[in-house]
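The values are calculated or read from the model by the stated rules, or taken from the named source; none is laboratory data. Because the structure is a prediction, the values reported are computed rather than measured. All Cβ positions, glycine included, derive from the backbone under ideal geometry; neighbour counts span all protein chains shown.
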Amino acid sequence: MKNGLKILGFFFGGITLLFFILISIRPEPEALTKYLVKPIMSPKSNELSVQFLGNTNLLFSDGTTHILTDGFFSRPSAYEILGGEVSPNSEGVIEDLKRANITRLDAIIPLHSHFDHAMDAGLVADLTGAKLLGSSSSINIGKGYGLAAEQMQIPPLNEPIFLGKFKLTFIASQHWQYPDKAQRDILLNQDIEAPIVPPASIYDYKEGISYTLLIEHDSTKIAVQGSAGFKKDVIPDFKADILFLSIAGLESMDETYNQNYQEYVVEAVQPEVLVPIHWDDFTIPLSKGLKTTHVLFNWLYGSDLVKAFEIVEQKNLTKNRKIKVLPLWKPFKMVELIQQ
Ligand SMILES: [Zn+2]
């Protein structure tokens, strides 16, 4: 009996040890250092700049007008997500906004309405005075937060709207297709039909519309793809200087899918520079820096960031396109990012 207990103890001890080893190893693609943009001079306050704030958070600013995509900072832990319910963490959000030097925003734009993009939109709008610009699903997240109707707007599709010197065009694109049908059925092609008051299940945060966002500022043209999905021929004639491209999940798609993503998103805007986004583990707080997903996650979900980067390299380096990885927090002058 005593020996039996001992063996059991060793067994569970071993399993626990293995678990902690597997969640502590985070394979890092070489691309993350190879393409990392070296610090250059900080942009002057009146120059168009971009700042990467993890996942798909991008702050575009010209010193007068400030636009943030997604604004997802809460980053609940894997245990919270698996536990079933998530909610914005206002202390963490306030801290991250401070770190990013954000005091005021003109617009917060959830690129679609899953929790890892839109969950904090109402809170961020409230803290910064931003208008929440998004689909009816994202508006329902704002409503659940208690945002006033005047502080929210559903942008028209395919027609520009203007914010200061920024011209924004929202295109209805498609979300990355989860390989698992059950996930697709729950999370894709549905709207959030009623205000969400957190804590809520991550499955309450339905997709809404997945946008391709086109941004023009003076002569600079920018495109943002917040999820690695595509719709054929929806992007109008638009030649982007720089494309912020979501790469999460490319490794699980077949070659036809990836070729279509390339053709209908990347080649549709023919960027000079391509900046991968949506590559970090969004269950780690930004205060700990950007981390890749661990091997246990990769094994459970078939994730492979090394492969995702290889796909992007394969399809773009031969076209003389530059790939640039942005570090966290640091603002870059857009012109330098495009030209250097
Ligand atoms: Zn999503």
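When you look at residue 300, is it out of contact with any helix residue (DSSP H, G or I) (no Cβ under 9 Å at 6 or more places or on another chain) and assigned to a helix (DSSP H, G or I), yes or no?
yes
In segment 238-248, how many are modelled with pLDDT of 95 or more and surrounded by fewer than 24 Cβ atoms within 10 Å (Cβ to Cβ)?
Total satisfying the criteria: 5.
Could you say which residue among 91, 85 is away from the ligand (no atom under 16 Å from the Cβ), out of contact with any helix residue (DSSP H, G or I) (no Cβ under 7 Å at 6 or more places or on another chain) and closer than 18 Å to residue 207 by Cα?
85
Name the residues in segment 89-100 that are surrounded by fewer than 22 Cβ atoms within 10 Å (Cβ to Cβ), of a type outside the set (A, V, I, L, M, F, W, C) and touching a residue at least 12 places away in the same chain (Cβ under 8 Å), would you?
Those that are surrounded by fewer than 22 Cβ atoms within 10 Å (Cβ to Cβ), of a type outside the set (A, V, I, L, M, F, W, C) and touching a residue at least 12 places away in the same chain (Cβ under 8 Å): 89, 90, 92, 95, 99.
Considering only residues that are modelled with pLDDT under 95 and not polar (S, T, N, Q), which ones fall in segment 250-297?
Answer for segment 250-297, where residues must be modelled with pLDDT under 95 and not polar (S, T, N, Q): 294, 295, 296, 297.
Across segment 286-297, what is the total count of residues that are under 20 Å from residue 329 (Cβ atoms) and in a helix (DSSP H, G or I)?
3
Just give me the residues in segment 253-271 being touching a residue at least 60 places away in the same chain (Cβ under 8 Å) and either buried (at least 24 other Cβ atoms within 10 Å of the Cβ) or under 26 Å from residue 71 (Cα atoms) (or both), in sequence order.
Within segment 253-271, 265 is the sole residue that qualifies.
Taking the options 120, 70, name whichever one is within 16 Å of the ligand (Cβ to nearest atom), buried (at least 24 other Cβ atoms within 10 Å of the Cβ) and closer than 22 Å to residue 162 by Cβ.
Only one candidate passes the filter, namely 70.
Does any residue in segment 209-220 that is in contact (Cβ under 8 Å) with a residue 40 or more places away in the chain come within less than 6 Å, Cβ to Cβ, of a residue that is part of a strand (DSSP E or B) and within 16 Å of the ligand (Cβ to nearest atom) six or more places away or on a different chain, and which pairs are these?
Hits for this filter: 209/172; 212/225; 213/224.
Can you pull out every residue in segment 187-242 that is among the polar types (S, T, N, Q) and under 17 Å from the mean Cα position of the chain (by Cα)?
210, 212, 225, 227
Among the strands (runs of 3 or more DSSP E) lying completely within segment 178-285, list those that include at least 2 residues that are within 16 Å of the ligand (Cβ to nearest atom), touching a strand residue (DSSP E or B) at 6+ places or on another chain (Cβ under 8 Å) and not aliphatic (A, V, I, L, M).
211-217, 242-246
Please state which of the following conditions residue 301 fails to meet, knowing it meets all the rest: (1) surrounded by fewer than 16 Cβ atoms within 10 Å (Cβ to Cβ); (2) within 16 Å of residue 35 (Cα to Cα); (3) within 16 Å of the ligand (Cβ to nearest atom).
(2)
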